[in-house]
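Heads up, the thing below is written out as structure tokens.
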Amino acid sequence: MKQQRVGQSDLRMSPLGLGTVKIGRNQQVKYPTAFDLPDDAAVTALLHLAWELGINTLDTAPAYGESERRLGELLPQRHDWVIIGKVGEQFINGQSFFDFSAVATRQSVEESLRRLRRDMLDVVLVHSDGNDMAIIREQAVCDTLLELKAEGKVKAVGMSTKSVAGGLWCVENMDLVMASYHPDYQDELPVLDAAARLGKGVLIKKGLASGHADRAAGGGGIEAALRLIFAHPAVASLVVGTINPDHLRQNVALTEAILAAQGAVETRRK
Ligand code: NAP
């Protein structure tokens, strides 16, 4: 897959990224079926496969249980990947805790760097608890992330938002935004449109409706979801969570076919 530049940053991401919730956490998740965490051999094989298929972008978070630690231990070519991390949420003993203070933000980034065995993070996003505008107005996390970027600990910063207002603020004030978008949920389209106007990058989460795309009311399943997402010019990378190698291969093949068809249409228009 051809990597593309993310907004105005120097980062280059594959159009399809790999979400890593399912290698780290299987409690209190909303996927259609229960699952066991894959063992180390399966995670290693999945990461190698992703790399071979052209995926260079991984999404993780302290809230994804063992995800960061396992990536730190098992990731091949650790320094060549673009890793998207988060701050603000921890998942401890089966429960989420949120802290958007400056102290917690700095501590969280330090701990992520230690677990991931890196000295810099490519992207760090605020892991919103749903109260985007209260976090933005009342908490220190966004300013602290901008400070960490100025200090060279992080290359690009943004927020994984849950509202249009939060997404629009993020697009205007930070490097990139992570938004939800799929055929049955297009409420955040104004955020994507604003990002396209301002030249900012958008990361898409829950693009397959967290595994419900096959059954989504709009019909068309996974292919329809990918078509919708990649038709938007602001989309830098769609982060799909999977621990199934066949699904990973299928998603990459569909993405490549959709992007190739788009490229052919653009060439004909020129
Ligand atoms: P998603 O990517 O929309 O869906 C993942 C689900 O789809 C998994 O259960 C996966 O099951 C299934 N799947 C993937 N490819 C498939 C295929 N080809 N055929 C059938 N099923 C398929 O949802 P998500 O995991 O909720 O979100 C994606 C990523 O976004 C997460 O991993 C995480 O990195 C990030 N995220 C961020 C936030 C945030 O607040 N920042 C919130 C949610 C998610 P299999 O494992 O069986 O393939």
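The values are calculated or read from the model by the stated rules, or taken from the named source; none is laboratory data. Since this is a predicted model, take the numbers as computed values, not measurements. A quick note on method: Cβ atoms are made from the backbone with ideal geometry, for glycine too, and the neighbour counts reach across all protein chains shown. For the accessible areas, the whole protein counts, side chains as well, though only heavy atoms, and no ligand, DNA or RNA atoms are used. Shrake-Rupley method; radii C 1.70, N 1.55, O 1.52, S 1.80 Å.
Only the Cβ atoms of Lys and Arg (+1) and of Asp and Glu (-1) were treated as charged; on that basis the dipole of the range 4-269 about its Cα centre amounts to roughly 340 debye. Candidates Pro245, Phe98, Gly7 compared by Cα position along the dipole of the chain: farthest toward the positive end lies Gly7, with charges placed on Cβ.
Roughly how many percent of the accessible protein surface of the range 81-214 is carbon and sulfur, given a 1.4 Å probe and a whole-percent answer? It would help to have the intermediate numbers written out before the result.
Numbers: 2600 of 5470 Å².
Answer for the range 81-214 is 47 percent, counting heavy atoms of protein chains only.
Near the amide H of Val29, within less than 5 Å, lie no amide hydrogens of residues on another chain or at least 5 residues away, with H placed in the peptide plane. Over the chain, calculate the relative contact order: mean separation of alpha carbon pairs under 8 Å at least 6 apart, over the residue count, as a percent. Relative contact order for the chain comes out at 20 percent.
Let a ≥ b ≥ c be the square roots of the eigenvalues of the Cα gyration tensor of the chain; is it rounded (a/c under 1.5), or, if not, prolate (a/b larger than b/c) or oblate?
rounded
Since only Met159, Ala257, Thr60 are under comparison, the one whose Cα sits farthest along the positive direction of the charge dipole of the range 4-269, derived from C-beta charges on Lys, Arg, Asp and Glu, is Ala257.
Helical content of the chain, expressed as a calculated mean residue ellipticity at 222 nm, amounts to -12500 deg cm²/dmol (DSSP H runs of 4 or more residues, -39,500 (n - 2.57) each, divided by residue number, nearest 500).
Once all protein chains are placed together, Trp169 keeps about 70 Å² accessible to a 1.4 angstrom probe. Ranked by the mean number of other Cβ atoms within 10 Å of their residues, highest first, the peptides 246-259, 4-17 come out as 4-17, 246-259. Largest accessible area first, the residues Tyr31, Tyr181, Tyr64 order themselves as Tyr31, Tyr64, Tyr181 under a 1.4 Å probe with ligands, DNA and RNA left out.
Taking amide H atoms as placed 1.01 Å from N in the peptide plane, the amide H of Gln186 has no partner under 5 Å among residues 5 or more positions away or on other chains. For the chain, what proportion of DSSP beta bridges, expressed in % and rounded to the nearest 5, is antiparallel? So the antiparallel bridges in the chain amount to around 20 percent. May I ask what percent, to the nearest 5, of DSSP beta bridges between residues of the range 140-207 are antiparallel? Here the share of antiparallel DSSP bridges comes out near 10 percent.
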